[in-house]
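Novice: This structure is in structure tokens; I'll ask about it shortly.
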Amino acid sequence: MAARRDTSLLFLLLLLILAVAAGLRFYGLDGQSLWADEGNSVALAARPFAQIARDAANDIHPPLYYFLLRIWTLTFGMTEVALRSFSALLGVLLVLATAELGRRIFGRTTGLTAGILAAAAPFQVYYSQETRMYILLALEAVFALLLFWWWVSQEDRRLPEDVAAVPRLRWLPFSGQMTILVWAAGLYTHYAFPLVIALVSGLYGLWLIASRRRGAVGRRALRWALLLAVAVGLYAPWLPDALRQLTTWPAVETAVSAGQQLSGLFGMLAFGPVSLHGVAGWMWLVVLLAAIGALPWPLANRRGQAGTPRIDWLRFLLPPLWALAPVAMIVVLGLYRDAYLKFLLIASPAFALLLARGVIGPTAWLQPRSEPADGALAPARWLRGALCTLWVLVSLALAGAVSGATLARYYTDPATARDDYRGVVHFIDATAQPTDAILLTAPGQRDVFGYYYRGDLPVYALPRQRPLDPADTVDELARLLGHTKVYALYWAAAEADPDGLIQGWLNSRGYKTLDGWHGNMRLAVYVMPEQRPPDEAVDDLNLRLGADIVLLGYRGWDLAPSAGEVTQLQLLWRADTPLERRYKVFLQLLDQRDQVIAQRDAEPAGESRPTDTWLPGEVIADNHGLLIPPGTPPGTYRRILGMYDAETLERLKLPDGSDFIALPPITVTRSQTAPQLAALDMQYPQQFGFGAISLLGHDRYKRGFSHARNEPLRPGDLLHLTFYWQAHASPRADWWFVLTLSDNGGRSVATLEAPLVSSTYPTMLWQEGDVVRGEHDLLIPPDLPPDTYRLSLSLYPDVETEAGSAYLGTVRVED
């Protein structure tokens, strides 16, 4: 009865582990956009099975995952949650399989510990929320190792101790049949699965050598060769396609030092892709715990293990070799690229086993070897028990803290998000006009973009073939001149356009207005050149910046734009001598308080003509599109421009000592329609109602760093805030706000009182439905200690009445 009670308790604990695994994997499945590779999976899964096989033959992955996803979507649909839930389910099964493998090799305690660590492994959680085949590949790897252990355990039990005796070995037992099926499935899932077969074959070869004195070595080797032959035979129809794809797929070389490679590889095992964005400080402690698990700790409790003590050496050797095999493959074959680090998912279960052994293994060594003679609890035994408990708690706390912090960052930090095609499509829908166009600079984006985009704008996918045909591509690009604005989505440019032909053509002819990263996909918006004379033209300016650069003149179009429109400016530069430094051009729109309303910083000609490539006397035409942000209040604004060193950020001086050139002001007119929320592209969309006026959201960053919003904020800096307001009725009073920065004790450390926008555009000038942005700066006190502070806002429609308050979040002040 006690044994039955223990079994029930362990079963309930396993169910709890699986429930946690499911919760982490199914949580927020639609929280991030599908990205390009997931779009490819969706497109293939929507086709008939025969078409999937034909199209997969031209892809870099075999078809089995797409077949299974097709079956899944026929039942559950094609929503983001439905598509990703298949991988989430496979991820839960992977946790169960990892726990079972740990039980069979090391016993119940290690198995359950491995299950706990796998359930919370950020690497596994990340790819359990992706519509790709990698979590299936990891599951098949665990099945292959489970069947290998079953196979070896059967041999160990059935081989006689006496070499002269007849071994009781069947040529193809059930474990062998299942092994063939798993191997074939793995081969039809991913081209990295041969590594798993090579691993188990190598381990089996070591087992044959170690057990050769027990006889039947030739028969056992032939049995294993039979497994390999049948599996390869089942894969033979696909083998020509596999060889063709592996030998012709374009490769991109990356120069990374050995130390950086090891840090990236172990960081991926410990944290998953989230580690690539920063938090790797605890990585080596986790790796140390796994290294401790690789030591041959004694097995204190063999309950639940498969096999006998004769194969203990193999059970200790299996996890570290399994974990290191894909690491060695990536390093030796020169495959170190961010895109290939996901192949390490094969080793993720082995890493969980090593961590579990690192937690449990030392406790067996600390346990007493025998009971005290009088049966009393000896002090030494008590101390060892306390040390065991302390070690387990500390090591689990370390692993749990790392996993918890990483998962929290994955779920909440936009910097760890996948390529945001959904958000980009919403932005295009909110800002595009019927005469605009969309350019996808890699045809592989078409599937995921088409999953979200339902508009009528023409979509150009270039280049139309690999390798790129320059003449055909330029002919297609010329068609873009007939559009007003082009939304260019750059992705995998190194493979699709290695020479930068597409981007260079757009940079030299269009007026780049926006350029920002959305994960690994970059959105650049170009206004195509006007087919009319400029609204302003100055050809004899001849202003010198620094010693060797001259601004000859400029031309401008659209000098009275409304909010959300673009004013175009073409600058004409000349260098008198060769330039060794690279300089960036800045163009700013300023209000009467010198707040930056709009800004464009870029190297000349849309980044395509850095100053260190200019020839003396050459005239450089440098196009800039300055977007008037949606919600900009109507009024007159100053324009300034200049140049600064791209490395030191020091501005070039004019002969009079100033560091900018003032251009004639422009007038921003009132927009006839309120912008959609997606057009505002708010950093923190938070809606708070205050009666007649609502706060839609805000941006915040160190002043001057709108292009790098994660720049650390330090004492003495200005925290810049952009508030987005909406009027639900025409305000009858001049509203104002109080912004408060307070410490954890609630004490105010900095405040700002100001009108919602400015004194030149008070709320009484607003109209019902208006969306208006206000730019403000909060001074961080020079003596403020580094810490995390709370930011809150209160609104007042008059001097005495508070309309309400809102908590905006936390602000980190660094040392």
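Novice: Roughly how much of Glu530 is accessible, in Å² to the nearest 10, using a 1.4 Å probe?
Specialist: 60 Å²
Novice: For Ala598, enumerate residues with amide H under 5 Å from its amide H, sequence gap 5+ or separate chain, H modeled in the peptide plane.
Specialist: Residues meeting the amide H criterion: Leu589.
Novice: Which whole-Hz couplings ³J(HN,Hα) result when phi for each residue of region 98-107 is put into the Karplus expression 6.51 cos²θ - 1.76 cosθ + 1.60, θ = phi - 60°, listed in order with x for Gly and Pro?
Specialist: 5, 4, 5, 5, x, 5, 5, 8, 10, x
Novice: In addition: Output wanted: per-residue J couplings in Hz (rounded whole) for region 543-556, from phi through Karplus 6.51 cos²θ - 1.76 cosθ + 1.60, θ = phi - 60°, x for Gly and Pro.
Specialist: Whole-Hz 3J(HN,Hα) from phi for region 543-556: 9, 9, 10, x, 8, 10, 10, 10, 8, 6, x, 7, 9, x.
Novice: Between Arg812 and Ile209, with labels modelled 7 Å along Cα→Cβ, what's the label distance in nm to one decimal, could you check?
Specialist: Each label point is offset 7 Å from its Cα along the Cβ direction, giving 4.9 nm.
Novice: Here is a follow-up. Per-residue ellipticity at 222 nm for the chain, helices alone: DSSP H runs ≥ 4 residues times -39500 (n - 2.57), over residue total, nearest 500 deg cm²/dmol? It would help to have the intermediate numbers written out before the result.
Specialist: On the way: 23 runs with 330 residues, N = 815.
Helix-only estimate at 222 nm: -13000 deg cm²/dmol.
Novice: Which semi-axes, in whole Å and largest first, does the equivalent ellipsoid of region 505-559 have when worked out from the alpha carbon gyration tensor as the square roots of 5 times its eigenvalues?
Specialist: 27, 18, 9
Novice: Ok, one more. Rounded, prolate or oblate: pick one for region 433-518, where a ≥ b ≥ c are the square roots of the eigenvalues of its C-alpha gyration tensor, a/c under 1.5 means rounded, and failing that, prolate if a/b is larger than b/c, else oblate.
Specialist: rounded
Novice: Also, quick follow-up: Over all directions, the average projected area of the alpha-carbon convex hull for region 396-464 comes to how many nm²?
Specialist: 6.5 nm²
Novice: Using only Cα atoms, what Kirkwood radius does region 472-583 have, in angstroms?
Specialist: On the way: mean 1/r = 0.0610 Å⁻¹.
For region 472-583, the Kirkwood estimate is 16.4 Å.
Novice: Ignoring any ligand, DNA or RNA, what whole percent of the accessible area of the chain comes from carbon and sulfur when the probe is 1.4 angstrom? Intermediate results must be reported in sequence, preceding the final value.
Specialist: Details: 21130 of 35660 Å².
Carbon and sulfur atoms account for 59 percent of the accessible area of the chain.
Novice: For region 75-180, what ratio Rg/Rh do Cα atoms give with a Kirkwood hydrodynamic radius?
Specialist: Rg divided by Rh gives 1.14.
Novice: Which cross-chain or sequence-distant (5 or more) residues have an amide H under 5 Å from the amide H of Ala442, H modelled 1.01 Å from N in plane?
Specialist: Correct list: Leu462.
Novice: Determine one quarter of the surface area of the Cα convex hull of region 1-135, which equals its mean projected area, and express it in nm² to one decimal.
Specialist: In nm², the orientation-averaged hull projection of region 1-135 is 9.4.
Novice: Pull up all non-local amide H partners of Asp717: gap of 5 or more, or a different chain, and H-to-H distance under 5 Å with H placed in the peptide plane.
Specialist: Ile780
Novice: Write out the trypsin sites (Lys or Arg not before Pro) in region 439-510 meeting two conditions: DSSP loop, and at most 14 other Cβ atoms within 10 Å of their Cβ.
Specialist: Hits after loop and neighbour filter: Arg454, Arg464.
Novice: Continuing with this model, one more query. Taking the Cα centre as origin and putting +1 on Lys and Arg beta-carbons and -1 on Asp and Glu beta-carbons, what dipole magnitude results for the chain, to the nearest 20 debye?
Specialist: Its charge dipole is roughly 5040 debye.
Novice: Magnitude of the Cβ-charge dipole of region 571-644, K/R +1 and D/E -1, about the Cα centre, nearest 20 debye?
Specialist: 220 debye
Novice: Now for a different question. For Asp777, Asp539, write out the residues from largest to smallest accessible area, computed with a 1.4 angstrom probe and no ligands counted.
Specialist: Descending accessible area places them as Asp539, Asp777.
Novice: Tell me the trypsin sites (Lys or Arg not before Pro) within region 3-67 that lie in a loop according to DSSP and have at most 14 other beta-carbon atoms within 10 Å. Don't jump to the answer; show the numbers that get you there.
Specialist: Working: sites: Arg4, Arg5, Arg25, Arg54; in loops: none.
Sites meeting the loop and neighbour criteria: none at all.
Novice: For region 573-709, what is the convex hull volume of its Cα atoms per residue in Å³?
Specialist: That works out to 151 Å³ per residue.
Novice: Could you sort Thr73, Thr760 by accessible area so the largest value comes first, with the probe set to 1.4 Å? Spell out each step's value before the answer.
Specialist: Working: Thr73 15, Thr760 80 Å².
I get Thr760, Thr73, largest accessible area first.
Novice: Additional query: For region 658-761, what is the convex hull volume of the alpha-carbon atoms per residue, in Å³?
Specialist: 188 Å³
Novice: For log10 I(q)/I(0) by the Debye sum over Cα atoms at q = 0.05, 0.06, 0.07, 0.10 Å⁻¹, the listed values are (1) -0.36, -0.51, -0.68, -1.16; (2) -0.27, -0.40, -0.54, -1.14; (3) -0.40, -0.54, -0.67, -1.04; which was obtained by calculation from the structure presented?
Specialist: Computing log10 I(q)/I(0) by the Debye sum over Cα atoms at q = 0.05, 0.06, 0.07, 0.10 Å⁻¹ and matching it to (1) -0.36, -0.51, -0.68, -1.16; (2) -0.27, -0.40, -0.54, -1.14; (3) -0.40, -0.54, -0.67, -1.04 gives (1).
Novice: Now a separate question. Can you spot the aspartates and glutamates whose alpha carbon is less than 12 Å from Lys342's alpha carbon? Ignore those fewer than 8 places along the same chain.
Specialist: Glu130
Novice: Is the C-alpha gyration tensor of region 444-486 telling us rounded, prolate or oblate? Criteria: a/c under 1.5 is rounded; beyond that, a/b larger than b/c is prolate, otherwise oblate.
Specialist: oblate
Novice: Output the 0 to 90 degree angle, nearest 10, between the alpha-carbon long axis of helix 134-158 and the longest principal axis computed from the alpha carbons of the chain.
Specialist: On a 0 to 90 degree scale, this one is about 10.
Novice: ³J(HN,Hα) across region 31-45 via Karplus (A = 6.51, B = -1.76, C = 1.60, θ = phi - 60°), whole Hz, x for Gly/Pro?
Specialist: x, 10, 5, 5, 10, 4, 5, 5, x, 5, 4, 4, 5, 5, 5
Novice: Using the Cα centre of region 1-132 as the reference point, and only Cβ charges (+1 on K/R, -1 on D/E), how large is the resulting charge dipole? Debye, rounded to the nearest 20.
Specialist: Roughly 540 debye for region 1-132.
Novice: Kindly express, to the nearest 10 degrees and within the range 0 to 90, the angle between helix 283-293's C-alpha long axis and the longest C-alpha principal axis of the chain.
Specialist: Taking Cα atoms only, the helix is inclined about 0 degrees.
Novice: Once the dipole of the chain is set up with Lys and Arg at +1 and Asp and Glu at -1 on Cβ about the Cα centre, which of Leu34, Trp725, Phe106 lies farthest towards its positive end?
Specialist: With unit charges placed on the Cβ atoms, the residue in question is Phe106.
Novice: List the equivalent ellipsoid semi-axes of region 642-715 in whole Å, largest first, each obtained as the square root of 5λ for an eigenvalue λ of the Cα gyration tensor.
Specialist: 34, 21, 11
Novice: Give me the three principal axis extents of region 734-815 from the C-alpha atoms, as integers in angstrom, largest value leading.
Specialist: Between the extreme Cα coordinates on each principal axis of region 734-815 lie 43, 22, 20 Å.
Novice: Something else now. Keeping all protein chains in place and using 1.4 angstrom, which order do Ile360, Ile640 fall into by accessible surface area, from largest down?
Specialist: Ile360, Ile640
Novice: A further question on this structure: Sort out the exposed loop chymotrypsin sites (Phe, Trp or Tyr not before Pro) in the chain (DSSP loop, at most 15 other Cβ within 10 Å) and tell me the longest stretch that has none.
Specialist: Within the chain, the longest run free of exposed chymotrypsin sites (Phe, Trp or Tyr not before Pro) spans 172-704.
Novice: Which distance in Å, rounded to a whole number, links the C-alpha centroids of region 724-782 and region 38-107?
Specialist: Spelled out, the Cα-based centre of one part sits 50 Å from the other.
The values are calculated or read from the model by the stated rules, or taken from the named source; none is laboratory data. For clarity, every value in this text was computed on a predicted model and none was experimentally measured. Reconstructed Cβ throughout: ideal geometry from the backbone, glycine too, with neighbour counts over all protein chains shown. Note: areas computed on protein heavy atoms with side chains; ligands, DNA, RNA excluded. Shrake-Rupley method; radii C 1.70, N 1.55, O 1.52, S 1.80 Å.
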